[in-house]
């Protein structure tokens, strides 16, 4: 098996820098669009055969060093008691948002058995990937899940979330603790089903100040990473807009720290310390640029990583819809070519 991704997670020497992309299976690929023309996103997530098939699509198409199981970060919210739908052009919608202590109390503390379809997709994907590349599992982090649960969907300023956090700190911490325990169990089950690494997506935590992160988020994320230590697989801790939070995120946990494009890779790595691996950090919009510009940006990131063991090349967030497929392929090839040891 091509194990350079796992080696980089462990900060071991590799022949060239490994590369994979967040949302590498998705809307920019015709193969995915063909499946989505017949099935809703929730149907794909809940049908292991389809989820495994979509997981493999980018691996069959591009020279990537890892696959990531196809799922959605919000899946645990549904069995916890929230009504989750996906609206075309609007994204996820929760019709019964969490707005008070009583709503927090009503949320079920599931053990993950309700999400067995994700485990089954992992089993099927691992079987199909034998001899190819490792498989990554993932979950949403407590703050990001809480923000969707409270706002009832996506948000620009997270006003309702922060109001709840500031006005009802006790209820907030109870909510975060519930989510953290659900996520820990969910990730454990993914690992035991065959995920060889897991990533915690804290996509929206960058809206917080360092002080708020330390007080309202860090202890709950620590609980997750502490709970995963005995599973003995690499754990990736990722957020966006987190340049001012990276040292706190390292303190919260993770053997790999994900870095977005709003900070130079060398500065980020020096800030968190070279005793952890790092992942990132190309701006996803660069994939829309001419090839010479993509090459210049890839080269810059690799130069800043300086060939030090422990760098995994990725975007600073997920691949965007309408991204040119040929540019995804070219970027993966450039990373390998320009980083040959």
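The values are calculated or read from the model by the stated rules, or taken from the named source; none is laboratory data. Note that the structure is a prediction, hence the values are computed from the model and not measured. Quick reminder, even Gly has a Cβ in these numbers, built from the backbone with ideal geometry, and neighbours come from all protein chains shown.
Values for this structure:
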read-out	value
Residues of the stretch 1-30 classified as farther than 20 Å from residue 318 by Cβ and either touching a helix residue (DSSP H, G or I) at 6+ places or on another chain (Cβ under 6 Å) or assigned to a loop (DSSP other than H, G, I, E, B) (or both), total	10
Qualifying positions in the stretch 1-40 - within 30 Å of residue 84 (Cα to Cα), touching a strand residue (DSSP E or B) at 6+ places or on another chain (Cβ under 9 Å) and either surrounded by 19 or more Cβ atoms within 10 Å (Cβ to Cβ) or free of Cβ contacts under 8 Å to residues at least 40 places away in the same chain (or both)	20, 21, 22, 24, 25
Residue within the stretch 184-199 that is closer than 26 Å to residue 86 by Cβ and free of Cβ contacts under 8 Å to residues at least 12 places away in the same chain present	no
Every pair of residues 6+ apart whose Cβ atoms lie under 8 Å, when the first sits in the stretch 255-284 and is on the phi > 0 side of the Ramachandran plot while the second is in a helix (DSSP H, G or I) and crowded, with 16+ Cβ neighbours inside 10 Å	273/250; 280/265; 280/268; 280/301
Complete set of residues in the stretch 105-118 that are under 25 Å from residue 319 (Cβ atoms) and surrounded by 18 or more Cβ atoms within 10 Å (Cβ to Cβ)	115, 118
Every residue from the stretch 300-328 that is in contact with a strand residue (DSSP E or B) (Cβ under 8 Å, 6 or more places away or on another chain) and either assigned to a helix (DSSP H, G or I) or farther than 28 Å from residue 13 by Cα (or both)	301, 302, 305
Number of positions in the stretch 31-50 that are outside any helix (DSSP H, G or I) and out of contact with any helix residue (DSSP H, G or I) (no Cβ under 8 Å at 6 or more places or on another chain)	3
Residue ranges of helices (runs of 4 or more DSSP H) in the stretch 215-299 with at least 3 members within 23 Å of residue 179 (Cβ to Cβ)	218-228, 246-252
Residues that are crowded, with 19+ Cβ neighbours inside 10 Å and assigned to a loop (DSSP other than H, G, I, E, B), drawn from the stretch 54-71	62, 64, 65, 66, 69, 70, 71
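Each row is one residue, and each column tells you yes or no for (1) surrounded by 17 or more Cβ atoms within 10 Å (Cβ to Cβ); (2) more than 25 Å from residue 205 (Cα to Cα); (3) at pLDDT 95 or above; (4) touching a helix residue (DSSP H, G or I) at 6+ places or on another chain (Cβ under 7 Å).
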position: 52; (1), (2), (3), (4): yes, yes, yes, yes
position: 76; (1), (2), (3), (4): yes, no, yes, yes
position: 89; (1), (2), (3), (4): no, no, no, no
position: 103; (1), (2), (3), (4): yes, no, yes, no
position: 137; (1), (2), (3), (4): yes, no, yes, yes
